[in-house]
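Only the coordinates and a few stated rules stand behind these numbers; no lab work does. This is a predicted model, so every value here is computed, not measured. Cβ placement follows ideal geometry from the backbone for every residue including glycine, while neighbour counts extend to all protein chains displayed.
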Amino acid sequence: MRNFLRRQRDAASRLEEQWQPKVYGRLLALAIVIAYVIAFVIENSKHVSVHFVFRTTRVSIVWLILLSLALGAIGGILLAQLDRRRRARRRTDG
């Protein structure tokens with residue numbers, strides 16, 4: 001039991017001494033992404049008018065951009081699914 005605890009302490013001390021560039025790289029990348037998102041929201045916080053066919057509304061530019069991004073992603077996923085089904089039918093028919 002003492003040997004086990006000694007090995008655990010030794011392993012823990014070696015781990016603390018090791019430089020872990022992947023962890024610090026990921027933390028740095030995460031910090032950069034968070035800073036970018038904050039700057040993006042601050043820069044695009046103005047309100048604009050959006051004209052629909054029967055109605056006009058005012059919305060923040062950030063929400064307009066995010067809504068457009070979400071609709072584009074959903075449309076792309078749905079089109080990819082349709083293309084995959086079409087190709088699968090060609091293989092079974094052909």
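What helices does the chain hold that run 20 Å or longer along their axis, going by alpha-carbon atoms, with a Kyte-Doolittle average of 1.0 or more, using DSSP H for the helix calls? Helices passing the filter in the chain: 21-43. Secondary-structure-derived ellipticity at 222 nm for the chain, considering helices only, amounts to -27000 deg cm²/dmol, per-run term -39500 (n - 2.57) for DSSP H runs with n ≥ 4. If Lys and Arg each add +1 and Asp and Glu each add -1, what is the summed charge of the other residues whose beta carbon sits under 12 Å from the beta carbon of ALA80? Value of the local net charge: +3. Under 5 Å from the amide H of ASN44 lies no amide H of any residue 5 or more positions distant or on a separate chain, with H modelled from the backbone and absent for Pro and chain starts. The ASN44 and ALA80 beta-carbon pair, evaluated with R₀ = 35 Å, returns a calculated FRET efficiency of approximately 0.75.
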